[in-house]
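A.B. asks: Structure incoming, see below.
Values quoted throughout were computed directly from the atomic coordinates according to the rules given, and no laboratory measurement underlies them. All values derive from a computational prediction rather than experimental measurement. All Cβ positions, even for glycine, are placed from backbone atoms using ideal geometry, and neighbour counts span all protein chains on display.
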Amino acid sequence: MGMELRVGSRKLPPSRMANELEKAVVNEVQESIKKKLRTIRCPQHGEASRLASRGGHKLQGLNMRIEGCCEVLIERVKTSLEGSR
Ligand SMILES: [Zn+2]
């Protein structure tokens, strides 16, 4: 693979690079979901949902859960996230 990742003037070794890329991907996924969650509010309680994630910055074993005040909100979030694919 002819790709190289630099942080500042440091060149990362391939193993570090995989980690950094993974971290970046996980971050990006989480950020885009969070952004979306902020726009969806519960019609009954006016609350937004939260993203609870576990598993750190590894794609494997990443465990994300969406928490909200009630079923209605969770359903809305689900529909919205699925519709964006
Ligand atoms: Zn609610």
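A.B. asks: Over the Cα atoms of the chain, what Rg and Dmax result, in angstrom?
C.D. replies: Rg and Dmax of the chain, Cα atoms, are 16.8, 53 Å.
A.B. asks: I've got another one for you. Assuming a strict under-28 Å limit between Cα atoms, what lysine pair count do you get for the chain once near-sequence pairs (fewer than 8 apart, same chain) are dropped?
C.D. replies: Number of lysine pairs found: 14.
A.B. asks: Could you grab the relative contact order for the chain? Cα pairs under 8 Å, six or more apart, rounded to a whole percent.
C.D. replies: 22
A.B. asks: A follow-up question, please. Near Leu62, within a Cβ-to-Cβ distance under 12 Å, what is the net charge of the other residues, with Lys and Arg +1 and Asp and Glu -1?
C.D. replies: Values: positive: Lys23, Arg54, Lys58, Arg65; negative: Glu22.
So the surrounding residues net to +3.
A.B. asks: Follow-up. In whole Hz, with x marking every Gly and Pro, tabulate ³J(HN,Hα) for region 28-38 from phi via Karplus 6.51 cos²θ - 1.76 cosθ + 1.60, θ = phi - 60°.
C.D. replies: Those phi angles translate into 5, 4, 5, 5, 5, 5, 4, 4, 5, 4, 4 Hz.
A.B. asks: Assigning unit charges at the beta carbon (Lys, Arg +1; Asp, Glu -1) and nothing else, what dipole magnitude in debye, to the nearest 20, does region 10-83 show about its Cα centre?
C.D. replies: The dipole of region 10-83 has a size of about 360 debye.
A.B. asks: For the chain, what proportion of DSSP beta bridges, expressed in % and rounded to the nearest 5, is antiparallel?
C.D. replies: Roughly 100 percent of the beta bridges in the chain run antiparallel, per DSSP.
A.B. asks: Now, a different point. To make sure I understand, if each residue's beta carbon is the centre and we count other beta carbons within 10 Å, what order do Glu20, Glu28 fall in, fewest to most?
C.D. replies: So the ranking, lowest neighbour count to highest, is Glu28, Glu20.
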